[in-house]
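Please read the structure below before turning to the comments.
Just so it is clear, none of the values below were taken in a lab; they were calculated from the coordinates. What you see is a predicted model, and the numbers here were worked out from it, not measured in a lab. Reconstructed Cβ throughout: ideal geometry from the backbone, glycine too, with neighbour counts over all protein chains shown.
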Amino acid sequence: MSLVLEQFLPYRLNRLADSLSKNASQAYKSEYGLSRPEWRAFALLGQQGTMTATEIAHFSTMDKTKVSRALYALEKRSWLIRNQDDKDRRLEHLALTPAGQKAYEILVPKMLKIETDMIARLGETNFAALNQGLDALESLFADETIALNSK
């Protein structure tokens, strides 16, 4: 028995995700010089409002070291504010500053345009099929799937 890596589903999905992510990264990289980890932390904070570093690591599926570096970079830009928890001083609640929120509001329409363009290239029928397949995979591996809305 032999494995053909190019036909192995996890490999194909990973390669495709990496390619799509590189394509989408053009907007936040060219506009603000953000790395992918910085963008993911930034986007989560923009979406959720306030989070802890542990939550960002969980929902972004990044390790804590990458999250820590990304948060430090956002803080250096004055896009991130840290507020210590009143009950547990080890815990920090992270949020975007007004400058960070403004950058988020500028970038979101650009990112949505990139997604719209990808969907248009894929076509309505293929996009519906892709969504159905992704839904099926997520339901099969639900214990491993990250859902922000359950927060």
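Relative contact order for the chain: 20 percent, from Cα pairs under 8 Å spaced at least 6 residues apart, divided by residue count. Multiplying the residue separation of residue 82 and residue 15 by 0.36 nm and removing their Cα-Cα distance gives an extension gain of 20.6 nm. Compared with the dominant Cα axis of the chain, that is its longest principal axis, helix 64-76 is turned about 50°. 3J(HN,Hα) couplings calculated from phi for the stretch 32-47 with the Karplus curve 6.51 cos²θ - 1.76 cosθ + 1.60 (θ = phi - 60°) are, in sequence order, 10, x, 6, 7, 4, x, 5, 4, 4, 5, 4, 5, 5, 5, x, 6 Hz; Gly and Pro show x. Placing unit charges on the Cβ atoms of the charged side chains and taking the dipole of the stretch 5-144 about its Cα centre, the candidate lying farthest along the positive direction among 47, 134, 25 is 25. Sites count as exposed loop sites when they are chymotrypsin sites (Phe, Trp or Tyr not before Pro), lie in a DSSP loop, and have at most 14 other Cβ atoms within 10 angstrom; the longest stretch of the chain without one is 9-140.
Inter-label distance, residue 99 to residue 2: 5.7 nm, where each label sits 7 Å from its Cα along the C-beta direction.
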